[in-house]
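Asker: Dropping a structure here in structure tokens format, bear with me for questions.
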Ligand SMILES: Cc1ncc(COP(=O)(O)O)c(C=O)c1O
């Protein structure tokens, strides 16, 4: 398959054309530093000399409030989503909890897609219990179900696309349109972690906020934990900034530097992740020990057409169900030699996990089964290795698991 990005007549089209250039340059103009350093300096200083004794918020004062290395990163992240504001936090979950605490108060309702990341699910359930919030998880692939679930108290709509681990593509533009025309005008947040800013631009599709775990594709090297919130809405930006400053779950300047370094190759990495993932998905689809393959780039994927319309590509996650039981899946994982058994995603190295006992371990059993998260379901994050090595590794491990 060609990795050429599909043509779009959305606001994002022009922007995505220049994505790689922005990833390499936006926010890093050498002229902003006295030294004209091309890579932003790691400014570890927590305090800055004040021109006047009183605080001037435009100046650097204290690193929890504002830091030059973090500023460079936030400028770049905003540019990559064609947005005015971006804020980074010490993890994806920290970005999630910031958004939720800024937007949801006692008596409010949260409407979330029924297949969110396990950590988001646990956090929302706990938050609901602690703060008298109602959280409802619904199948948002059905627009009527979504519409019917909105109430005057709904203050937040939390979407994740594609869903985890079933890789269902949800129609962000249609959902945002419905939410925005509802009288309570809930804020629509999209967790864009699986696609990254390169393959999906939620703000261009009508969402108010893009949330990402930058720990995955955006950083891309499995060595930084970070999250972000990106928006064009000044009112939301003020709330996020205020929580970032007061709660203080900010990223270190060194982590910001690593993220900047990772972002510079995001466009190249994503194209290669996708190329390898498509080859793996095609291979698995033809394998006799495999029952089901879910990859949005396959014509057999139930929302393949929607994925082509909404996204600029299909990313690097492949989910499949092997023949057998959870024990077969465990033997399969143990038989892999190149692909590592690990539960994260988005790094250079390919990893595999069994979602029912890792990322989604805390989902109630009946919910897991309803979503199709069975014990023999395996999620692969396809990395940047030579694809022939990955395919051989999968073939040997599948055969080994089937024989045992
Ligand atoms: C889709 C998704 N959202 C959010 C998170 C949370 O991010 P972090 O681990 O950076 O806190 C993850 C982590 O795996 C994730 O996969």
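Asker: Looking at 368, 337, can you tell me which residue is over 20 Å from the mean Cα position of the chain (by Cα) and in contact (Cβ under 8 Å) with a residue 40 or more places away in the chain?
Answerer: Matching residue, one of 368, 337: 337.
Asker: Which one of these does residue 288 not meet: (1) over 21 Å from the mean Cα position of the chain (by Cα); (2) over 22 Å from residue 392 (Cα atoms)?
Answerer: Residue 288 satisfies every listed condition except (2).
Asker: Turning to a different aspect of this structure: Only helices (runs of 4 or more DSSP H) wholly contained in segment 192-299 count here; list those with 2 or more residues that are away from the ligand (no atom under 16 Å from the Cβ) and without any contact (Cβ under 8 Å) to a residue 12 or more places away in the chain.
Answerer: 234-247
Asker: Kindly provide the set of residues from segment 386-399 that are buried (at least 16 other Cβ atoms within 10 Å of the Cβ) and either outside any helix (DSSP H, G or I) or touching a helix residue (DSSP H, G or I) at 6+ places or on another chain (Cβ under 8 Å) (or both), ordered by number.
Answerer: Passing the criteria: 387, 390, 391, 394, 397, 398.
Asker: For segment 34-65, how many residues are in contact (Cβ under 8 Å) with a residue 40 or more places away in the chain and either in contact with a helix residue (DSSP H, G or I) (Cβ under 7 Å, 6 or more places away or on another chain) or buried (at least 19 other Cβ atoms within 10 Å of the Cβ) (or both)?
Answerer: 7
Asker: Among 101, 94, which is the only one that is assigned to a helix (DSSP H, G or I), within 14 Å of the ligand (Cβ to nearest atom) and either out of contact with any strand residue (DSSP E or B) (no Cβ under 8 Å at 6 or more places or on another chain) or at negative phi (or both)?
Answerer: Only one candidate passes the filter, namely 94.
Asker: Would you be able to say whether some residue in segment 66-74 is within 16 Å of the ligand (Cβ to nearest atom) and outside any loop (DSSP other than H, G, I, E, B)?
Answerer: Yes, segment 66-74 has at least one match.
Asker: While we're looking at this one, here's another question. Consider residue 135 carefully, then state whether it is part of a strand (DSSP E or B), more than 14 Å from the ligand (Cβ to nearest atom), without any contact (Cβ under 8 Å) to a residue 60 or more places away in the chain and surrounded by fewer than 24 Cβ atoms within 10 Å (Cβ to Cβ).
Answerer: yes
Asker: Identify the residue in segment 142-175 that is part of a helix (DSSP H, G or I) and in contact with a helix residue (DSSP H, G or I) (Cβ under 9 Å, 6 or more places away or on another chain) and, among all such residues, is farthest from residue 299 (Cα to Cα).
Answerer: The qualifying residue farthest from residue 299 (Cα to Cα) is 147.
Asker: Specify the residue that is farthest from the ligand (Cβ to nearest atom); the eligible residues are those in segment 345-365 that are more than 20 Å from residue 281 (Cβ to Cβ) and in contact with a strand residue (DSSP E or B) (Cβ under 9 Å, 6 or more places away or on another chain).
Answerer: Out of the qualifying residues, it is 356.
Asker: Here's another thing I want to ask about it. Quick one: count up the residues across segment 180-191 that are more than 12 Å from the ligand (Cβ to nearest atom) and under 27 Å from residue 380 (Cα atoms).
Answerer: Final tally of qualifying residues: 0.
Asker: From the set of residues in segment 320-344 that are within 16 Å of the ligand (Cβ to nearest atom), out of contact with any helix residue (DSSP H, G or I) (no Cβ under 7 Å at 6 or more places or on another chain) and modelled with pLDDT of 95 or more, which is farthest from residue 279 (Cα to Cα)?
Answerer: Among residues in segment 320-344 that are within 16 Å of the ligand (Cβ to nearest atom), out of contact with any helix residue (DSSP H, G or I) (no Cβ under 7 Å at 6 or more places or on another chain) and modelled with pLDDT of 95 or more, the one farthest from residue 279 (Cα to Cα) is 342.
Condition check ((1) within 21 Å of the chain's Cα centre (by Cα); (2) without any contact (Cβ under 8 Å) to a residue 12 or more places away in the chain) across all residues:
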site: 94; (1), (2): yes, no
site: 108; (1), (2): no, no
site: 131; (1), (2): no, no
site: 142; (1), (2): no, yes
site: 165; (1), (2): yes, no
site: 174; (1), (2): yes, no
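Asker: Which residues, taken from segment 117-134, are touching a strand residue (DSSP E or B) at 6+ places or on another chain (Cβ under 8 Å) and over 14 Å from residue 97 (Cβ atoms)?
Answerer: Answer for segment 117-134, where residues must be touching a strand residue (DSSP E or B) at 6+ places or on another chain (Cβ under 8 Å) and over 14 Å from residue 97 (Cβ atoms): just 134.
Asker: Now for a different question. Among the numbered conditions (1) at pLDDT 95 or above; (2) under 17 Å from residue 138 (Cα atoms); (3) in a loop (DSSP other than H, G, I, E, B); (4) in contact with a helix residue (DSSP H, G or I) (Cβ under 7 Å, 6 or more places away or on another chain), tell me where residue 178 comes up short.
Answerer: (3)
Asker: Sticking with this structure for a sec: If I ask for residues that are more than 13 Å from the ligand (Cβ to nearest atom) and surrounded by fewer than 22 Cβ atoms within 10 Å (Cβ to Cβ), which ones from segment 155-174 would you list?
Answerer: Answer for segment 155-174, where residues must be more than 13 Å from the ligand (Cβ to nearest atom) and surrounded by fewer than 22 Cβ atoms within 10 Å (Cβ to Cβ): 155, 171, 173, 174.
The values are calculated or read from the model by the stated rules, or taken from the named source; none is laboratory data. Here the structure is a predicted model, which is why all the values come from computation and not from measurement. Reconstructed Cβ throughout: ideal geometry from the backbone, glycine too, with neighbour counts over all protein chains shown.
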